[in-house]
Amino acid sequence: MVTATAPGKVILVGEHAVVYGRPAIAAPVWQVVATATVAPAPPGAGCTIIASDLGQVLQLAAAGEDEPLAVVARLALARLGVSSDPDWRIELRSEIPIASGMGSGAALSTALVRALFTQLGEPVTPAVVSELVYASERFYHGTPSGIDNTVVAYGQPIWFVKGQPPEPFTPAAPILLAIADTGIRSPTVLTVSAVRAGWQRDRQRYEAIFDAIGAVAYAARRALEQGDAPALGALFNENQVLLKSIGVSCDAIERLVAAARAAGALGVKLSGAGGGGNIIALVEDTTAAAVQAALLAAGAHRVIITPISA
Ligand code: PMV
């Protein structure tokens, strides 16, 4: 039996603008992982994928082209030179909340791809995992920038520009985040299409906002490389204002943002697609507990305190 895991992720700065070519920074979150296990099945049983968290049982040979997990499994098997339907039972599990901006889809697919390569004893690079997972990401995203599959496959903080090789990225000092879930599931494809509709109506305004978000990403990279947490916090706040101005914040997000700031967070923003999902608050050892308590009191469904490091 073979097992592989993949982390959740957060986008530190730059979501949405990254779809339009601006840079973004993302980091893995190892406190919540997706796991894939491959076990032999009786001869003739074929390959079954069981994703209990999604309530899905897929028979690989019969699954449609609109099933992301089947698509990614077929691509990985083709890359491995397997043309038959192997007798395997693949179980997928995830602790990552679904449709909340933490990359649950990319993590499930990444764990699946890694498990298939391991099952056949073949090494696989993060770049190849990322490429295979990207093919399934479009089902969740519509027009994915590729940032989710990249950060989850590399398992390291990355500087990401669409269409360019990702730069794994080393913060000078670990930063501490409180990640709080609004409890509102918000499919990425919906907010990404709403932003696209806004951009089509008023390209000039949206391009200017995307430029401003890109500038925040460059400044955030400098702050991370210099270990300047207060500067990074101010940039989170600036990024949040810009995200709100393109309509991807919501009342629940604003409530959590205000609560975390009032409790002493250095900066707070939504992370991922918005419209619900998670917020990230930049905290310190001395403020983490108070911020966590304030977020829960303000209605957060779950708060994860996690360091982000190289
Ligand atoms: O999967 P999410 O919710 O973290 O959103 C991905 C980030 C977006 O920039 C909104 C979309 C994309 O493809 O980059």
Tilt relative to the chain, helix 68-79 - C-alpha long axis, 0 to 90 degrees, to 10: 60
Rounded to the nearest 10 degrees, the helix 203-225 long axis (Cα) sits at an angle to the longest Cα principal axis of the chain of 90
Could you put H301, H16 in order, starting from the residue whose Cβ has the fewest other Cβ atoms within 10 Å? H301, H16
Give me the dipole magnitude in Debye, nearest 20, for region 179-310 about the Cα centre, with unit charges on the beta carbon: positive for Lys and Arg, negative for Asp and Glu. 400
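Go ahead and estimate [θ] at 222 nm for the chain from helices alone: -39,500 (n - 2.57) per DSSP H run with n ≥ 4, summed, over the residue count, rounded to 500.
After summing the helix terms and dividing by the residues of the chain, the value is -13500 deg cm²/dmol.
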Among S130, S193, S145, which comes first, then next, by fewest other beta-carbon atoms within 10 Å? S193, S130, S145
With the alpha-carbon atoms as the only input, what is the per residue convex hull volume for region 174-226 in Å³? 102
Please provide three numbers in whole Å: the alpha-carbon extents of region 214-310 along the principal axes, with the largest listed first. 34, 33, 22
For region 189-223 and region 229-295, what is the centre-to-centre distance using only Cα atoms, to the nearest Å? 18
Would you compute the Debye intensity of region 18-57 from its alpha-carbon atoms alone, equal scatterers and no solvent, and pass along log10 I(q)/I(0) at q = 0.14, 0.23, 0.26, 0.28 Å⁻¹ to two decimals? -0.63, -0.89, -0.98, -1.03
Alpha-carbon radius of gyration plus Dmax, which is the widest Cα pair, for region 60-114 in Å: 12.1, 36
Per-residue Cβ contact counts at 10 Å, fewest first, order C250, C47 as C250, C47
Can you pull a Stokes-Einstein diffusion coefficient for the chain at 10 °C (1.306 mPa s), Rh from Kirkwood over Cα pairs, as a whole number of µm²/s? 81
Scaled radius of gyration (Cα, divided by 2.2 N^0.38 Å) that region 68-149 gives: 1.06
Sorted on mean Cβ neighbours within 10 Å (highest first), peptides 273-286, 170-183 come out as 273-286, 170-183
Tell me, rounded to the nearest percent, the portion of alpha carbon pairs in region 71-206 spaced more than 23 Å apart. 44
Give the angle, between 0 and 90 degrees and rounded to the nearest 10, that separates the Cα long axis of helix 251-262 from the longest principal axis of the Cα atoms of the chain. 60
Highest GNM mean-square fluctuation among P168, P40, P144, for the chain with Cα springs under 10 Å, belongs to P40
Please give the Cα centre distance for region 109-127 versus region 47-103, rounded to the nearest Å. 13
Magnitude of the Cβ-charge dipole of the chain, K/R +1 and D/E -1, about the Cα centre, nearest 20 debye? 440
Using only the alpha-carbon atoms of region 229-272, report the extent along each of the three principal axes, biggest first, to the nearest angstrom. 27, 18, 15
Roughly what % of Cα-Cα distances in region 32-80 sit above 17 Å, to the whole percent? 37
Given springs between every Cα pair under 10 Å in a Gaussian network model of the chain, which of P23, P166, P42 has the largest fluctuation? P42
Over its Cα atoms, what ratio of radius of gyration to 2.2 N^0.38 Å does region 1-142 give? 1.04
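FYI, it's all coordinate maths here, none of it is from the lab. Note that the structure is predicted; figures quoted are calculated from it, not measured. Here Cβ is always computed from backbone atoms with ideal geometry, including for glycine, and neighbour counts include all displayed protein chains.
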